[in-house]
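For reference, the structure discussed in these notes is given below.
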Amino acid sequence: MITFDRILPITIEVLRTHRDVIARLEWLLVNRDLNGRVRLILPDSAASDTDLEQQLKAVYGELAERIKPHAHSTEAGLLYEASRDGACHGTSAFPLGDIEKVWVIDRLATESRWETIAEVSSGAPRIVFFSIKGGVGRSTALAASAWSLAMQGKRVLVLDLDLESPGLSSALLPPDRQPAYGITDWLVEDLVDNGDALLADMYGTSDLPTSGSIYLVPAHGRAMGEYVSKLGRCWMPKRNHRGAPESWSVRLNRLVEHLESLHRPDVILIDSRAGIDEVAAACVTDLGAHTVLMFAIQGQQTWTGYQALFSYWMQRGVITDIRNRLQLVAGLVPDDERRLEYLTALRGDSYALFEDTYDEVEPGEISHWNFEEDDDVAPHSPLAIRWNRGWYGMMSLQQRMVHVDQTEVTSAFGMLLDFLDRAVGQGRPT
Ligand SMILES: Nc1ncnc2c1ncn2[C@@H]1O[C@H](COP(=O)(O)OP(=O)(O)O)[C@@H](O)[C@H]1O
Ligand SMILES: [Mg+2]
């Protein structure tokens, strides 16, 4: 049976056998439409050459036969465009295997596509806390990180972008300090140009005894209001005053910039949504993250999820844009005799995941980006967070943070906090 995953391997096979025909073209695009049906897009000039056109029809006919039901009829399968750039408009092309002059364009229903990696933002470093699964201790680690950075006198801006399952604000702010509005409200109000009126009332400051300060921008305000109705609208693109669409991740960036100029933070911590999800994509790839902390607990689901993401970044040729911002974090590491064995297994799996993203080095060659499995400063080397009874139960986290002491935080989160000190202090090597 032919399913979506077979489309590209078969297309490569078919086009390889017709290299001579393809060689006569300036370029060729394999267009996978929203339904996953393939058309070939060709330069206009090919249509004026009847002999070539016949051959291309035959190539498409053969391809269509083999990838059915992911094809159109031969008549509908070929499209002509004046320029390659024009044909690619609104999407980015990636090369089809090693076939010269042939690219794939992929039309997706979602807007954020994981493949356009924004450059590191020039303002305060944006540290994204991401995971494939929920319940791995990510928000708790973020709260502890915010506290620790504030203890060092830093101004810390915290954004709860896990809008579908928010929880950070209750962890860092007591009920009487919760602001009236949150990020969801801003995204909805921005659609009617009313977002900025909310800015003064969409953050709360932590009352934890720290020399620096924590500014928390929650997912929702004190009262959730019509949260489901708001959530269903906040991912909308907006038409700007010139009628051009502005994607919601661009809108989100606009919000982060406003918040940055308002609060002048030294560092921005972002709690992302979990999984290979559109909102998570915006946090990981669109916000100009300085560092993406990839939370993992040992288990197949973690690694298959991350593997899918890494394969995609490699296929699209963007892995080098993001690989030096990634760092693995091991959440909820057993705090008993299993610890060492657990971490060794996790390191092995993590290395297997990252290895493909490292440069291959010939003997005697100096690599820009290559790490051994046992290298402790490698991106795959897990920053271990200890499971600790005292941290169990998010509901009491706010209460807990009030009484927390440095030794206790260091014992559970020390590796992560040291990493953040280095990352925020001097940035990562490239
Ligand atoms: N270091 C830790 N030790 C023990 N329990 C923890 C630790 N970190 C988090 N937890 C608990 O694990 C659960 C999930 O944590 P949370 O931070 O909400 O995870 P996530 O944000 O990944 O969903 C919560 O009940 C939390 O109290
Ligand atoms: Mg969470």
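Here, each number is a calculation from the coordinates, and none is a lab measurement. Note that this is a predicted model, so its numbers are computed, not measured. Here Cβ is always computed from backbone atoms with ideal geometry, including for glycine, and neighbour counts include all displayed protein chains.
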Aspartates and glutamates within cross-link reach of Lys154: Cα-Cα under 13 Å, excluding same-chain residues under 8 positions apart?
Asp266, Asp421
Non-local residues with an amide H under 5 Å from the amide H of Leu96, with H modelled 1.01 Å from N and Pro and chain starts lacking one, are Val102, Trp103, Val104
May I ask what percent, to the nearest 5, of DSSP beta bridges between residues of the stretch 4-106 are antiparallel?
40
Roughly how many Å is it from the Cα centre of the stretch 335-364 to that of the stretch 148-211, as a whole number?
36
Ignoring everything except DSSP H segments at least 4 long, calculate the 222 nm mean residue ellipticity for the chain; use -39,500 (n - 2.57) per segment, divide by total residues, nearest 500.
-11000 deg cm²/dmol
Neighbour-limited loop hits for GluC sites (Glu not before Pro), the stretch 42-137 (at most 14 other Cβ within 10 Å; DSSP other than H, G, I, E, B):
Glu100, Glu119
Distance from the Cα centre of the stretch 280-302 to that of the stretch 29-98, in angstrom?
35
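Length gain on complete extension for the stretch Ser83 to Ser247, per 0.36 nm per residue less the alpha carbon to alpha carbon distance?
Gain on stretching Ser83 to Ser247: 56.5 nm.
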Restricting the count to DSSP beta bridges whose residues both fall in the chain, what percent are antiparallel, rounded to a multiple of 5?
25
Cα shape, the stretch 4-106, gyration tensor, a/c 1.5 rule:
rounded
Phi-based couplings in Hz for the stretch 282-295 (Karplus 6.51, -1.76, 1.60; Gly and Pro marked x)
4, 5, 6, 10, 9, 9, x, 4, 7, 9, 10, 8, 9, 7
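Counting Lys +1, Arg +1, Asp -1, Glu -1, what net charge surrounds Ser381 among other residues with beta carbon under 11 Å of its beta carbon? All intermediate terms of the calculation are to be shown ahead of the outcome.
Values: positive: Arg347; negative: Glu372, Glu373, Asp374, Asp375, Asp376.
Neighbourhood net charge equals -4.
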At least 15 Å along the helix axis (C-alpha) and Kyte average at least 1.0, DSSP helices within the chain:
7-17
Which residue, Arg242, Arg338, Arg138, has the most motion in a Gaussian network model of the chain that connects Cα atoms within less than 10 Å?
Arg242
